[in-house]
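A short write-up of the structure that comes next.
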Amino acid sequence: MTPRTKMAVALPLVTVAILLVVVANVTNWNALREPIAHAVHAKTHRTLRIGGDLDIGLQWPVVRVHASDVTFSNPSWASRPNMIDVRHATVDIAIFPLFRGQIVFPQVQLDQAALAFEKSRDGRRNWLLDRRQRDSQARVAIRHLAVGDGRVEYDDPAQGTRLSARITTSHGSDKTSAPLRFTVQGRYKGEPLAAQGAGDAILALRDETRPYHLNVSGKIGQTAVGADGRITNLLKLSAVDLQIVLRGANLAQLYPLVGVVFPNTPPYRTRGRLVHGPRQWRYEKFTGEMGRSDIAGSLSIDTGGRRPLLVARLDSTRLDISDLGPLVGAGQAGEKPARAESAPTGILPGKAFRTQRWNRMDADVTLEAGSIDRPAALPLHRLSTRLRLQDGRLRLDPLRFDVAGGTLAGAVTLDGRASPIQAAAKLQARTLQLAQLFPTLDRSMASIGEFNGNIDLKGQGDTVASMLGSANGQASLVIDGGEVSKLLMETMSLHLLEMLQLKVTGDEPVRIRCGIADFAVKQGVMQPDILVLDTDVSRIDGSGRIDLGQERLDLTVVPKSRKPSLVALRTPIHVQGSFAHPQASLDKGKLAMRGLGALALGAVNPALALLPLIDAGRNADSECRRLIGEVRAADR
């Protein structure tokens, strides 16, 4: 062993020996009150006052200090004169850390204490002991804290936080094991807070091995929470294992509180297990309700990357379709939809997406809904989708609904990196059954038959209404086969004698030969390249426009009879007005053929693009296929 090594070993031993001798022989510790106060002031420029008795004893490996009537002042910028005001204090000082220049209190017991912690707007913290209160290393490390009766204040004006807590320990034969109770009131990040709870008497502030039992309930803003379980290291939350109940008006309101981006939702209530380990929070096996829907699953938040990553698997056995409204800006059931200031009042969702939060975290969420509660006129049955949010770009892919015996599936993308949002939707409707598509109609009005369709749109805007109002693309629909009410078709053709006859003898079905609706969409205006419904009774051609931006209809349908009728008005029918209140009227100019030339099937090339919508295997003798074949022949 070298002389330097021997010195390094001997010096601490000699110091400890001197300390033992001093502690054993000093009988009046009160004489050290002023020297200790001067030393603290020289180091911190703050005043320590010990007004009562001071006593120091050795309880290896700590020095135990008893003091009464103790105050420690705040820096000049703080709002209160003192940071600490304690009637009785017992402090254990660890001996070995002193040799490394560290002050560690393994245990602190306070009775009748008032503690005030405060942050300034420029980042200074009154619990840091350097002269400028900025050095995070200049603090006393407290491992465990017991408070018999005290008040704790915390003020952070930059965050809008001001809290006041009352702490009491019930008195029993073993005070260290008596439960601690507390109440907290004030504001947290601008939201009103009120909470109460209980825990172990000894607060395990920095202990990595001793979990601290906690039971708490309270409310922050419109969010109520109850939790029961154990937390390891209260200051850093090294490990958390709590059973929690969470209830609130909107999941999006959690963002200011926890920094996690959730979508707008109806009121919710969940119950599950919250677990925290290194770099990850998990909410496991939770169940609950959201609006009128049930919800269950698990989610995790990984904080170790460039941004937090939310991964969730959600299941719903009963999803109420109205509860999806807030996600797309439509509001809750029974609530008047919020509209953008520039958008007209209408039925399309008009509440803006909060894209400014999208680049603050990433997400990968899978949702499966086994059944859907919806109005009878909306034949949706199942929903499955995967939502991915990455770098401010949100994508629903795949997105699939079971609809009317068929499927509506595809992908929707919202790019929040652009202003306004760049949106795209590509959806396919396959094998939708006519009878199921219109379940509220009499089965005689639409029975056998199915249709297919494509939607391919791109637009921009911060609301669904503005995205559709600026959309470009194509929307196509083909009805191949089926039956429809003969009375309905005779009525649209204004065949008066046939209508009267059917009223007397009863309605009957008539075969649908083909139905085609092929719309070009430019700047939110839909104009038909082909709009035709062909039946054994009559053929109905259509023209006009549908303005998605203004949410208005301006369509003309012209019936053409396939058989002579003695009394037929043969008048075009106009369908006009808003989406919410459309109105039909007869053309008083009678046979005004506005736009019908563009509907001649032999001259419309876009019909060729509709061929993929016809199932050649199942519809080899398809009327629509023959109709489009005529277009191809006429185009040569």
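Laid out as a table, the results:
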quantity	calculated
Criterion violated by Leu234 - all others in (1) loosely packed, with under 14 Cβ neighbours inside 10 Å; (2) modelled with pLDDT under 95 satisfied	(1)
Residue in the stretch 233-242 that is nearest to Arg143 (Cα to Cα), counting only those that are out of contact with any Leu (no Cβ under 7 Å at 6 or more places or on another chain) and in a strand (DSSP E or B)	Ala239
Checking Gln460 against (1) buried (at least 19 other Cβ atoms within 10 Å of the Cβ); (2) modelled with pLDDT of 65 or more, the condition it does not meet	(1)
Every residue from the stretch 275-314 that is surrounded by fewer than 18 Cβ atoms within 10 Å (Cβ to Cβ) and within 19 Å of Gly229 (Cα to Cα)	Val275, Gly277, Pro278, Gln280, Glu284, Lys285, Thr287, Ser298, Ser300
Only one of Ser322, Ser342 that is more than 13 Å from the chain's Cα centre (by Cα), farther than 14 Å from Leu251 by Cβ and modelled with pLDDT under 85	Ser342
Gly291, sole failed condition from (1) of a type in the set (Gly, Ala, Ser); (2) in contact (Cβ under 8 Å) with a residue 24 or more places away in the chain; (3) within 30 Å of Thr209 (Cα to Cα)	(3)
Meets criteria (at pLDDT below 90, surrounded by 18 or more Cβ atoms within 10 Å (Cβ to Cβ), out of contact with any helix residue (DSSP H, G or I) (no Cβ under 6 Å at 6 or more places or on another chain) and not in a loop (DSSP other than H, G, I, E, B)) for Phe401	no
Tally, over the stretch 467-499, of residues that are assigned to a loop (DSSP other than H, G, I, E, B) and at pLDDT below 65	2
Yes/no for Asn215 being buried (at least 18 other Cβ atoms within 10 Å of the Cβ) and polar (S, T, N, Q)	no
Hits in the stretch 41-93 (condition: of a type in the set (A, V, I, L, M, F, W, C) and either within 18 Å of Asp135 (Cβ to Cβ) or part of a loop (DSSP other than H, G, I, E, B) (or both))	Ala42, Trp60, Phe72, Trp77, Ala78, Met83
Some residue of the stretch 23-40 being in a strand (DSSP E or B) and either modelled with pLDDT under 90 or assigned by TED's automatic domain parsing to the domain that holds Arg143 (or both)	no
Pick from the stretch 198-232, criterion touching a Lys or Arg at 6+ places or on another chain (Cβ under 6 Å) and not in a strand (DSSP E or B), ranking: nearest to Ile142 (Cα to Cα)	Arg206
Some residue of the stretch 381-389 being free of Cβ contacts under 8 Å to residues at least 60 places away in the same chain, surrounded by 15 or more Cβ atoms within 10 Å (Cβ to Cβ), in a loop (DSSP other than H, G, I, E, B) and hydrophobic (A, V, I, L, M, F, W, C)	no
Any hit, the stretch 411-424, residues being at pLDDT 95 or above, in contact with a Ser or Thr (Cβ under 7 Å, 6 or more places away or on another chain) and within 28 Å of Ala296 (Cβ to Cβ)	no
When residues of the stretch 510-526 are limited to those that are assigned to a strand (DSSP E or B) and among the small types (Gly, Ala, Ser), the one surrounded by the fewest Cβ atoms within 10 Å (Cβ to Cβ)	Ala520
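One line per residue, one yes/no per condition, for (1) polar (S, T, N, Q); (2) over 20 Å from Ala37 (Cα atoms); (3) touching a residue at least 40 places away in the same chain (Cβ under 8 Å):
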residue	(1), (2), (3)
Ala67	no, no, no
Thr90	yes, no, no
Gly101	no, no, no
Leu110	no, no, yes
Asn126	yes, no, yes
Val140	no, no, no
Arg143	no, yes, yes
Gly160	no, yes, no
Thr168	yes, yes, no
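The values are calculated or read from the model by the stated rules, or taken from the named source; none is laboratory data. Note that the structure is a prediction, hence the values are computed from the model and not measured. Don't worry about glycine lacking a Cβ; one is built from the backbone with ideal geometry, like all the others, and counts go over all protein chains shown.
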